[in-house]
Amino acid sequence: MPLDLDTREQLLSSLRRFVAERLHPIEGEIAEKDEIPDSIVAEMRALGLFGLSIPIEYGGLGLMFEEECLVAFEMGRTSPAFRSVFGTNVGIGSQGLVMYGTDEQKSRWLPDIASGKLITSFALTEAEAGSDAANLKLRARPESDTYRLSGQKIFITNADKAGLFTVMARTGGEGAAGISAFLVPRDLPGLTVGRPERKMGQQGAHVCTVTFDEVCVPAAHLLGSEGEGFKLAMRVLDRGRLHISAICVGIAERLIADIVAFAQQRRQFGQALSQLQLIQAMIADSKTETLAARALTLDVARQRDRGDNVTLGAAAAKYFASEMVGRVADRAVQIFGGAGYVADQGIERFYRDVRLFRIYEGTSQIQQIVIARETVKAGE
């Protein structure tokens, strides 16, 4: 059930203040230190951000997806590293469990996920299986009432802090039908997490390699049935793509606000930049594209809340929104000029940060393939 309007506005207002008063002032510090302070994480827990998508009966807020997008719009108005702190708990790290978990599995893990006590991570990508996810090689070998997992995953978000991984592993033959999903606690012998990778942007949000060396996982940790792992992963990614779309919209809105404030106070040729028509054209293009991405994202979110299949819509929203925010960030650098290229204003940081959105949870090229495939399938 959706929140009543008063409760929803209270949530969004609290989040708006948190972003403006607590997160904006430390964006530069986070980028330099590559770490989110524990005090900020504690405040996120208190706001309920780790449990946005977790059902109420397990201690979460149980938001409808449209409501989650409204929250993501607000979180997008600051460094995306902050959102990544709870992003896997809200999305790819928990939703396989929400969708496919047994009552016992849900009761065991979801309450701690919702509170933020337990950080989750989603382990799909491998060295030879990124966009080609059905080609993954990590093997889960059945053995009595357990499975032994052997292989390696790369670029796994929040792996250094995760206590529970949703791991895609091969239990059968080649292709998507041979993949199964497992809930794998971090403390199992043989599981090791590498050091956080050095990245172009989004400092404070960490990705790591995770190695499985004959990790013995109880059969009770199988998520869904054998052979359902790829289907589970795609359903989780449909949802994650839509969430990322909303974050892209929020960042674009933040950048437009920064552009307008700068263009109004910066003077060239005897007038404010905002009065120059070529600058106005860049502002107009940015605003128009952002409004379009926002409308598309909310429309698909409402479809999902109705129970419709949103594979096409989620891919279209993620494709358009992630490409859009890249263009807005590029225009921001151009309008700020030299001030946009140096670190003081933070514009160059956002320029680097948003580049990732066109890559993870399915590259733009993968989204194009999905959009075309689903359109042809529907005959539209």
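Some points to look at:
- Within the range 274-282, one or more residues are of a type outside the set (S, T, N, Q), in contact (Cβ under 8 Å) with a residue 12 or more places away in the chain and touching a Leu at 6+ places or on another chain (Cβ under 6 Å).
- If the condition is being touching a helix residue (DSSP H, G or I) at 6+ places or on another chain (Cβ under 7 Å), part of a helix (DSSP H, G or I) and surrounded by 18 or more Cβ atoms within 10 Å (Cβ to Cβ), then the range 338-361 contributes Gly340, Ile347, Glu348, Arg349, Phe350, Tyr351, Asp353, Val354, Phe357, Arg358.
- For the range 362-375, the candidate set comprises residues that are of a type outside the set (A, V, I, L, M) and either within 21 Å of Val328 (Cα to Cα) or in contact (Cβ under 8 Å) with a residue 60 or more places away in the chain (or both); within that set, the residue that is surrounded by the most Cβ atoms within 10 Å (Cβ to Cβ) is Gly362.
- Any hit, the range 300-316, residues being β-branched (Val, Ile, Thr), buried (at least 16 other Cβ atoms within 10 Å of the Cβ), in the same structural domain as Arg254 (by TED's automatic domain parsing) and under 16 Å from the mean Cα position of the chain (by Cα): no
- Failed item, numbered, when Leu242 is tested on (1) among the hydrophobic types (A, V, I, L, M, F, W, C); (2) out of contact with any Cys (no Cβ under 9 Å at 6 or more places or on another chain); (3) not in a strand (DSSP E or B): (2)
Condition check ((1) touching a Lys or Arg at 6+ places or on another chain (Cβ under 8 Å); (2) farther than 18 Å from Asp238 by Cα; (3) of a type in the set (A, V, I, L, M, F, W, C)) across all residues:
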{"site": "Gln95", "(1), (2), (3)": "yes, no, no"}
{"site": "Lys106", "(1), (2), (3)": "no, yes, no"}
{"site": "Asp112", "(1), (2), (3)": "no, yes, no"}
{"site": "Gly116", "(1), (2), (3)": "yes, yes, no"}
{"site": "Lys137", "(1), (2), (3)": "yes, yes, no"}
{"site": "Ser150", "(1), (2), (3)": "yes, yes, no"}
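- Output for the range 74-106, where each listed residue is among the hydrophobic types (A, V, I, L, M, F, W, C), in a helix (DSSP H, G or I) and either in contact with a Cys (Cβ under 9 Å, 6 or more places away or on another chain) or crowded, with 21+ Cβ neighbours inside 10 Å (or both): Met75, Ala81, Phe82, Val85, Phe86, Val90, Leu97
The values are calculated or read from the model by the stated rules, or taken from the named source; none is laboratory data. Since the model is a prediction, treat every value here as computed from it, not as a measurement. Note: ideal-geometry Cβ built from the backbone for every residue, glycine included; neighbour counts use all protein chains shown.
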